[in-house]
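Engineer: This is the structure I want to talk about, given as structure tokens.
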Amino acid sequence: MLLLVTLDVRREAIAVFHKFEKNAARVMAKYGGAIKSAWKSNELKGLPESNSYREIHLVYFPDFISLEDYRHDPELLAWTPQREASILRTQIEVLEEINLK
């Protein structure tokens, strides 16, 4: 299963976020999950700098059970304070492939 994960990250907590992200990816791997790609949104010219920026991740898990096991992993849950300190908002969408043939 593929997930589109949108994260609004606090600029003042970028280092904390990257540490959380690295550890979350390591825990994900225990359940067959992986961040397949990650993108950061660009600033729009002429607008004042925001206190956050957006990262978009394409995340893979073998199935829903693996995702739920990851989300309840004690090691991941121990990182909750760092997650909350660095991420303002998270949106998760389950993607379904479209056959265009």
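The rows are residues; the columns are (1) in contact with a Lys or Arg (Cβ under 7 Å, 6 or more places away or on another chain); (2) over 13 Å from Leu7 (Cβ atoms); (3) acidic (Asp, Glu); (4) at pLDDT 95 or above.
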site: Gly32; (1), (2), (3), (4): no, yes, no, yes
site: Ser52; (1), (2), (3), (4): yes, no, no, no
site: Asp63; (1), (2), (3), (4): no, yes, yes, yes
site: Arg83; (1), (2), (3), (4): no, no, no, yes
site: Glu93; (1), (2), (3), (4): no, no, yes, yes
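Engineer: For the range 48-101, which positions are β-branched (Val, Ile, Thr) and under 19 Å from Ala24 (Cα atoms)?
Structural biologist: Hits for the range 48-101 are Ile56, Val59, Ile65, Thr80, Ile87, Thr90, Ile92, Val94.
Engineer: Oh, and also: Tell me, which residue of the range 46-101 that is out of contact with any strand residue (DSSP E or B) (no Cβ under 8 Å at 6 or more places or on another chain) and among the aromatic types (Phe, Trp, Tyr) is surrounded by the fewest Cβ atoms within 10 Å (Cβ to Cβ)?
Structural biologist: Per the stated criteria, the residue is Phe64.
Engineer: Of the numbered conditions (1) within 18 Å of Thr90 (Cβ to Cβ); (2) modelled with pLDDT under 95, Lys45 satisfies every one except a single condition; which is it?
Structural biologist: Unmet for Lys45, out of (1) within 18 Å of Thr90 (Cβ to Cβ); (2) modelled with pLDDT under 95: (1).
The values are calculated or read from the model by the stated rules, or taken from the named source; none is laboratory data. Because the structure is a prediction, the values reported are computed rather than measured. All Cβ positions, glycine included, derive from the backbone under ideal geometry; neighbour counts span all protein chains shown.
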